[in-house]
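Right, I'll just put the structure down here and ask away after.
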Amino acid sequence: MQKPTIIVSGKNGQLGNELRDMSVLFPQFHYHFFDRGDLDITNSSAVENIFKKYKPSYFINAGAYTAVDKAETEQEAAYLTNAEAAGTIAEACNNYNTLLIHISTDYVFDGTNTTPYKEDDVTKPVNYYGFSKWMGEQLALENNPATIIMRTSWVYSAYGHNFVKTMLRLMKERSDISVVNDQTGSPTYAKDLAEAILQIIANCQLSIAYFSRGIYNFSNEGIISWYDFACAIKEIKNFNCNVHPITTAQYPTQTKRPAYSVLDKEKIQKTFGIILKPWKQSLEECLSKL
């Protein structure tokens, strides 16, 4: 019997790399991983050709435009990758009876909540990156009934560029650093996200009833600030660097960020039986890998 095929876009990103590593634990599937050079997801003909060639059972869209500040001035590029491409992939999924898992972000919210965001809370992005990802959600759900949107936050990994690796570098180079203490969220170890995605697909393979379309939140458990995150990195790695808390106003960026990015994960736990790890446990695991 032929193994079901999973296609993954964005293979060189944090999640794409972790999915490649995790795939060996799910050998019941046949995988094809693509980066932008192999598959330009903004090119509808290229997407169609991949579907025609491989006829995938599942498509994990981990490809994205993630430069939050640049998105303000490169709006067309952000929209093409984060919105239009998501719609194109979803349309192909619909034509080939493919189940789609599309990755989204906490940035679809404005960050004014004081309690964790549920999947059906009102979306109101405060920057263009968030807007482009929100549009991608809409197009994916509209174009393919069999779509799961995975919203996640504060993603880090042993791969790629992220907060954890930046802190490791700065704490080695400097005796003092300052980190924002008034932005609150929950970190996501991309390895844990990769495992959750493949667990969901494995359950779907056992019974299509498991594939409950719609939007799901995923992150590690716990609520912290970026300052808390940095302090934990310092503690685990036993650095001598002094970490100072500052406000967002003291560290102005080109683009506004949500002040509160905590996601409610009850739905994904109840629907798919996903077990969430505490953020610090996952951070320790990632740091040991690095």
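The values are calculated or read from the model by the stated rules, or taken from the named source; none is laboratory data. It should be emphasised that the depicted structure is a prediction, and the values quoted were computed from it without experimental measurement. Positions of Cβ are backbone-derived with ideal geometry, glycine not excepted, and every protein chain shown enters the neighbour counts.
Yes or no: V179 in contact (Cβ under 8 Å) with a residue 12 or more places away in the chain and within 16 Å of F163 (Cα to Cα)? Before the answer, list the steps.
Numbers: in contact (Cβ under 8 Å) with a residue 12 or more places away in the chain: yes; within 16 Å of F163 (Cα to Cα): yes.
Judged against the criteria, V179 is a match.
Now, a different point. Among the residues that make up the stretch 81-103, is at least one of them aromatic (F, W, Y) and touching a Phe, Trp or Tyr at 6+ places or on another chain (Cβ under 6 Å)? Spell out how you get there, then give the answer.
Residues of the stretch 81-103 aromatic (F, W, Y): 96.
From what's left, touching a Phe, Trp or Tyr at 6+ places or on another chain (Cβ under 6 Å): 96.
Yes, the stretch 81-103 contains a residue that is aromatic (F, W, Y) and touching a Phe, Trp or Tyr at 6+ places or on another chain (Cβ under 6 Å).
Return the residue satisfying two criteria in turn: it lies in the stretch 46-62 and is within 11 Å of S9 (Cβ to Cβ) and in contact with a helix residue (DSSP H, G or I) (Cβ under 7 Å, 6 or more places away or on another chain), and of such residues it is surrounded by the fewest Cβ atoms within 10 Å (Cβ to Cβ).
Residue satisfying both the conditions and the ranking: V47.
With surrounded by fewer than 19 Cβ atoms within 10 Å (Cβ to Cβ) and part of a loop (DSSP other than H, G, I, E, B) as the only criterion, which of T271, T255 stands out?
Numbers: T271 fails: part of a loop (DSSP other than H, G, I, E, B).
Result of the check over T271, T255: T255.
How about the stretch 1-45: which of its residues are at pLDDT 95 or above, loosely packed, with under 15 Cβ neighbours inside 10 Å and among the hydrophobic types (A, V, I, L, M, F, W, C)?
The answer is V24, L25.
Those residues that are over 11 Å from I236 (Cβ atoms) and among the charged types (D, E, K, R), I need them from the stretch 274-290; list them, please.
Within the stretch 274-290, K277, K289 qualify.
For the stretch 232-252, name all the residues that are in a helix (DSSP H, G or I) and either in contact (Cβ under 8 Å) with a residue 40 or more places away in the chain or under 19 Å from T166 (Cα atoms) (or both). Working first, answer last.
Keep residues of the stretch 232-252 that are in a helix (DSSP H, G or I), which gives 232-237, 248-250.
Passing the criteria: A232, I233, K234, E235, I236, K237, T248, Q250.
For the stretch 63-80, name all the residues that are closer than 11 Å to S132 by Cα and crowded, with 24+ Cβ neighbours inside 10 Å.
A64, A71, A78
Which is of a type in the set (A, V, I, L, M) and at pLDDT below 95, of L283, L290, L276? Don't jump to the end; show me each part of the working.
Working: L283 fails: at pLDDT below 95; L276 fails: at pLDDT below 95.
Just one listed residue meets the conditions, L290.
If you go through the stretch 84-119, how many residues are over 29 Å from S207 (Cα atoms) and in a loop (DSSP other than H, G, I, E, B)?
Matching residues across the stretch 84-119 total 8.
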